[in-house]
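Read the structure below first, then the notes.
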Amino acid sequence: MGPAEAAPTRQKGGRMATQTTARPVRRRPPAQRPNQRALLTRILLGIPIPFLFLLLWQVGRDQAWEIPLIGIRMGYLPAPGDVVASLWDYAFGGTHDDAFSGDLWVNLGASSLRVLIGFLIASVLAIPLGILMGRYYKMDAMFDPFINLFRPIPATAWVPLVGLLIGWGDQATIFLIALSSFFPIVLGAISGSKEVPGRLIEAGQMLGARRWEILGQIVVPASAAAVINGMRVGLGLAWVVLVLGESVGVNVGLGSAIILARDVVRTDMIVVGMIVIGLAGFLSDRILVGVFRLLTRGRPLVK
């Protein structure tokens with residue numbers, strides 16, 4: 001039966017007639033967005049682990065724990081309160097009045113610019129190449145051996161050669177960031193391009209779409225989720241390599257501040273630099289996800 005069903009009725013003269021009675025149509029409920037209670041529950045669930053970490057950190061330092069197997073001597077760690085005070089002084093000054101006071105924003109700005117430039121260079125090169133490699137056998141056969149030969153080489157192994165060819169400074173740092181970000185981005189683009197359903201390509205060909213139109217209007221949108229994931233991994237690696245790139249020949253940056261803190265035996269500032277890089281990497285990932293949500297108009301491609 002459909003949404004309307006015929007019901008028999010009796011008219012004058014004994015005749016039977018039918019009367020249509022409407023049956024309510026069931027509709028699927030709209031997708032529910034996370035409510036405030038669910039968001040609050042998620043926040044509350046994420047609180048205990050950081051507090052437990054800080055508690056173990058404080059107790060381990062006070063008791064001078066030594067973690068077996070990996071040999072960590074927690075007695076040499078700074079106290080969490082000292083790290084908080086140093087972080088405040090690093091951002092606003094007025095506490096220690098030393099070489100690190102108030103330098104956070106200058107160092108953060110310089111490092112963020114290097115990460116942005118290197119990441120954009122890697123994305124511009126890796127995304128088109130990965131999509132073409134995923135769709136065309138000849139492109140994959142040409143570039144796959146080259147990519148898989150250089151991909152396992154760590155960034156630390158590149159440092160001596162980069163120092164000889166480029167020198168030390170901003171250009172060397174940007175090169176190392178772009179090199180490290182390139183490989184996860186290109187692999188994500190290759191994976192996404194290969195997984196495009198064949199029926200979509202066939203539908204485009206039946207409608208008379210040209211090869212480049214199929215790439216731009218079908219393959220690229222269908223590969224977006226894998227490309228975005230590869231870019232997020234590449235952006236994370238960019239912040240990882242930042243300290244290595246800024247360790248030599250760079251006077252302003254988060255990495256150079258960590259190296260300086262090591263030289264003057266300021267373990268509190270080393271931890272502060274690590275925290276700032278972690279927060280910067282987290283915020284940059286959220287910004288990247290937000291940009292793609294705007295570009296894709298809220299489609300469920302990223303989380």
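Give the residue, chosen from VAL250, VAL276, VAL271, VAL243, that is of a type outside the set (S, T, N, Q), surrounded by 20 or more Cβ atoms within 10 Å (Cβ to Cβ) and under 27 Å from LEU187 (Cβ atoms). Give the steps one after another, and end with the answer.
Numbers: VAL250 fails: under 27 Å from LEU187 (Cβ atoms); VAL276 fails: under 27 Å from LEU187 (Cβ atoms); VAL271 fails: under 27 Å from LEU187 (Cβ atoms).
Testing whether each residue is of a type outside the set (S, T, N, Q), surrounded by 20 or more Cβ atoms within 10 Å (Cβ to Cβ) and under 27 Å from LEU187 (Cβ atoms) leaves just VAL243.
Going through region 129-143 one residue at a time, which ones are in a helix (DSSP H, G or I), free of Cβ contacts under 8 Å to residues at least 60 places away in the same chain, open to solvent by 60 Å² or more (accessible area, probe 1.4 Å) and under 21 Å from ALA226 (Cα atoms)?
Within region 129-143, TYR137, PHE143 qualify.
Quick check on this structure: which one of VAL115, VAL124, VAL186 is open to solvent by 80 Å² or more (accessible area, probe 1.4 Å), out of contact with any strand residue (DSSP E or B) (no Cβ under 7 Å at 6 or more places or on another chain) and closer than 26 Å to ALA225 by Cβ? Working first, answer last.
Numbers: VAL115 fails: open to solvent by 80 Å² or more (accessible area, probe 1.4 Å); VAL186 fails: open to solvent by 80 Å² or more (accessible area, probe 1.4 Å).
Sole residue among the options that is open to solvent by 80 Å² or more (accessible area, probe 1.4 Å), out of contact with any strand residue (DSSP E or B) (no Cβ under 7 Å at 6 or more places or on another chain) and closer than 26 Å to ALA225 by Cβ: VAL124.
Given the options LEU161, LEU200, LEU113, name the one that is among the aliphatic types (A, V, I, L, M), within 20 Å of LEU235 (Cα to Cα) and in a helix (DSSP H, G or I). Steps first, please.
Values: LEU161 fails: within 20 Å of LEU235 (Cα to Cα); LEU200 fails: within 20 Å of LEU235 (Cα to Cα).
When all the criteria are applied, what remains is LEU113.
Return the residues of region 50-85 that are on the phi > 0 side of the Ramachandran plot and out of contact with any Lys or Arg (no Cβ under 8 Å at 6 or more places or on another chain); say none if nothing qualifies.
Pass one, region 50-85, residues on the phi > 0 side of the Ramachandran plot: 64, 69, 71.
Hits for region 50-85 are LEU69, GLY71.
Please specify each residue of region 84-99 satisfying the condition of being closer than 12 Å to GLY273 by Cα, open to solvent by 10 Å² or more (accessible area, probe 1.4 Å) and either in contact (Cβ under 8 Å) with a residue 24 or more places away in the chain or in a loop (DSSP other than H, G, I, E, B) (or both).
Of everything in region 84-99, just one residue is closer than 12 Å to GLY273 by Cα, open to solvent by 10 Å² or more (accessible area, probe 1.4 Å) and either in contact (Cβ under 8 Å) with a residue 24 or more places away in the chain or in a loop (DSSP other than H, G, I, E, B) (or both), namely LEU87.
Under 24 Å from GLY290 (Cβ atoms) and modelled with pLDDT under 90: is that true of GLY192 in this structure?
Values: under 24 Å from GLY290 (Cβ atoms): yes; modelled with pLDDT under 90: yes.
When the stated conditions are applied, GLY192 passes them.
The values are calculated or read from the model by the stated rules, or taken from the named source; none is laboratory data. Note that this is a predicted model, so its numbers are computed, not measured. All Cβ positions, even for glycine, are placed from backbone atoms using ideal geometry, and neighbour counts span all protein chains on display. The accessibility values were calculated without ligands, DNA or RNA, using every heavy atom of the protein model including side chains. Shrake-Rupley method; radii C 1.70, N 1.55, O 1.52, S 1.80 Å.
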